[in-house]
Amino acid sequence: MPAFPEAAEHSTRDLRLRANLRHATGLIRERRARAVAELADWERLRAAGAAIKDRTLRHLDHYLLRLEERVTAAGGTVHWAADAAEANRIVTGLVRATGEREVVKVKSMATQETGLNEALARAGIRAYETDLAELIVQLGDDTPSHLLVPAVHRNRTEIRDIFRERMGHWGRPAPEGLGDRPAELAEAARLHLREKFLRARVGISGANFMVAETGTLVVVESEGNGRMCLTLPETLISVVGIEKTVPTWQDLEVYLQLLPRSSTAERMNPYTSMWTGTTEDDGPRHFHLVLLDNGRTDTLADRVGRQALRCIRCSACLNVCPVYERAGGHAYGSPYPGPIGAILTPQLRGLASPLEESLPFASTLCGACYQVCPVAIDIPQVLLHLRERVAEGGEATVRGTRTVIRPARRHALERRLMETAAWTLDHPGLLRRGQRLAARTRRLHPRRLPGPGRAWTESRELPTVPPESFRDWWARTRGGAR
């Protein structure tokens, strides 16, 4: 993937994409505001959600061991995956052991993060997405662009065309004469997916929360497809990031109030599925929990950046972000787009490429993301923290080892300019002569910068230099007294 500015330059020219995003995010924004306004104690709930997460992250080792103990006691098997490759190997091996070559999947950010579908395909195993939006993305050979509504960049006419052209390649074809009314599209998806649910013997899921107290996993959704995946197959494999742990059921209560209002603007999710291990006469006979690290302990070691691990994937920050609304999710080059992606992806992956180095700068720092975050992640603070790391380098934890990161090369000129500015400001006489020279030659100044400065002035004009500096004006008028 290219760096964010290059990707965004392309996506912002897509007028249909921008119209789709503007409509969708504006609608979700308004509904969320109404849902949140119904609770007089919203800010206290928000503070409680942040406090619970912080306490859990400080003692995550303890709660993970308790979770493993409870899941095992309930008949499940726990696997530990240090990175994406290990998680994919574990899941692929578990599916192969069943002898199956097809799996159904619940919408899962963790498996998108690891690239599980591609890993299964290389092993000859076909994964079917069952969330409606994820189905649209999969059939369209696309990638998600939103945490909550992965196909938000598609309008219903595009979805109709995708269903007509691609459904038959993945199973039951779309009905003849399929229109673009939402009810028709939903019915076509229901008929297509029904045969998958009834045939599948292996289901793969993520989880919104894991309760360490009892070993219970929780999935919240709006369609019911997830519940079909969680209950019908004989084997269930759940891939979950270690940060999704909460200590007790009482803690879970807080998040079941925060999440639906922040994500779908509902008082509660239509489907909240919970399961603990296996039960003899109900649900899957075999349950495997894959606990995914993949950069999370490195993030945990960062005192400022670790607050990104509070995230409950509600997507509220995306819906208020002016950058996301114009650039779209694909420009972020990650399953985690928007403001949360701009701080989470560089920490999980490390500053491994120009893409990760550019993401902390994909923001106006307006602060709207912090204001709507249900667990009070100070995203602007983390953005500035990561910008400093990109520009100045410094210590960071990479794969469990404390490492000194070098400054990004593309910021070398910027650093030199800042050093020159600092030196000039330390010499008032030189600064005064420079200001006078700039004032006398102001009619010759260009409106756009050449060379490396061109990128900065492509979307803005240089400010006009006044005919007289403030220092000279003050010396001449004594602050306007004469």
Within the range 443-473, can you find the residues that are under 30 Å from residue 5 (Cβ atoms) and in contact (Cβ under 8 Å) with a residue 12 or more places away in the chain?
-> 445, 446, 447, 448, 449, 452, 455, 461, 462, 464, 465
Members of the range 373-394 that are more than 21 Å from residue 418 (Cβ to Cβ) and either open to solvent by less than 30 Å² (accessible area, probe 1.4 Å) or assigned to a strand (DSSP E or B) (or both) = 373, 374, 375, 376, 377, 379, 382
Any chance residue 406 is more than 18 Å from residue 315 (Cβ to Cβ), of a type in the set (Lys, Arg) and either crowded, with 18+ Cβ neighbours inside 10 Å or touching a residue at least 60 places away in the same chain (Cβ under 8 Å) (or both) | no
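Test residue 151 against the stated conditions and say whether it is touching a strand residue (DSSP E or B) at 6+ places or on another chain (Cβ under 7 Å), among the aliphatic types (A, V, I, L, M), assigned to a loop (DSSP other than H, G, I, E, B) and open to solvent by less than 50 Å² (accessible area, probe 1.4 Å). Can you show your working first?
Working: touching a strand residue (DSSP E or B) at 6+ places or on another chain (Cβ under 7 Å): no; among the aliphatic types (A, V, I, L, M): yes; assigned to a loop (DSSP other than H, G, I, E, B): yes; open to solvent by less than 50 Å² (accessible area, probe 1.4 Å): yes.
Judged against the criteria, residue 151 is not a match.
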Here are some conditions: (1) out of contact with any strand residue (DSSP E or B) (no Cβ under 8 Å at 6 or more places or on another chain); (2) more than 25 Å from residue 256 (Cβ to Cβ). Residue 344 meets all but one. Which one does it not meet?
-> (2)
What number of residues in the range 100-144 are open to solvent by less than 40 Å² (accessible area, probe 1.4 Å), polar (S, T, N, Q), under 22 Å from residue 188 (Cα atoms) and under 19 Å from the mean Cα position of the chain (by Cα)?
-> 1
Can you name the residue in the range 26-40 that is part of a helix (DSSP H, G or I) and not hydrophobic (A, V, I, L, M, F, W, C) and, of all such residues, is least open to solvent (accessible area, probe 1.4 Å)?
-> 26
Hey, any hits in the range 159-169 for a residue that's farther than 23 Å from residue 194 by Cβ, open to solvent by less than 20 Å² (accessible area, probe 1.4 Å) and either modelled with pLDDT of 90 or more or in contact with a Lys or Arg (Cβ under 9 Å, 6 or more places away or on another chain) (or both)?
-> no
Considering only the range 12-56, state which residues are under 15 Å from residue 262 (Cβ atoms) and among the β-branched types (Val, Ile, Thr).
-> 25, 28, 36
If residue 479 satisfies every condition in (1) assigned to a strand (DSSP E or B); (2) surrounded by fewer than 11 Cβ atoms within 10 Å (Cβ to Cβ) but one, which is the exception?
-> (1)
Restricting attention to the range 357-373, does a residue exist that is touching a residue at least 60 places away in the same chain (Cβ under 8 Å) and of a type in the set (S, T, N, Q)?
-> yes
Restricting attention to the range 415-441, which residues are of a type in the set (Phe, Trp, Tyr) and open to solvent by less than 100 Å² (accessible area, probe 1.4 Å)?
-> none
Condition met for residue 370 (open to solvent by less than 10 Å² (accessible area, probe 1.4 Å), more than 23 Å from residue 405 (Cβ to Cβ) and hydroxyl-bearing (Ser, Thr, Tyr)) | no
Out of the residues in the range 244-284 that are hydrophobic (A, V, I, L, M, F, W, C) and within 19 Å of residue 76 (Cβ to Cβ), which is surrounded by the fewest Cβ atoms within 10 Å (Cβ to Cβ)?
-> 249
State yes or no: is residue 241 touching a residue at least 40 places away in the same chain (Cβ under 8 Å), open to solvent by less than 10 Å² (accessible area, probe 1.4 Å) and on the phi > 0 side of the Ramachandran plot?
-> no
Consider residue 403 against the criteria (1) among the β-branched types (Val, Ile, Thr); (2) at pLDDT below 90; (3) part of a helix (DSSP H, G or I): it satisfies all of them except one. Which criterion is unmet?
-> (3)
Can you tell me which residue in the range 288-347 is nearest to residue 86 (Cα to Cα), limited to those that are touching a Phe, Trp or Tyr at 6+ places or on another chain (Cβ under 8 Å) and assigned to a loop (DSSP other than H, G, I, E, B)?
-> 293
Could you tell me which residue of the range 170-184 is least open to solvent (accessible area, probe 1.4 Å), considering only residues that are in a helix (DSSP H, G or I) and hydrophobic (A, V, I, L, M, F, W, C)?
-> 170
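The values are calculated or read from the model by the stated rules, or taken from the named source; none is laboratory data. Bear in mind the structure is a predicted one, so any value in this text is a computation, not a measurement. So basically every Cβ, Gly included, is an ideal-geometry build from the backbone, and we count neighbours across all protein chains shown. With ligands, DNA and RNA removed, areas are computed over all heavy atoms of the protein, side chains included. Shrake-Rupley method; radii C 1.70, N 1.55, O 1.52, S 1.80 Å.
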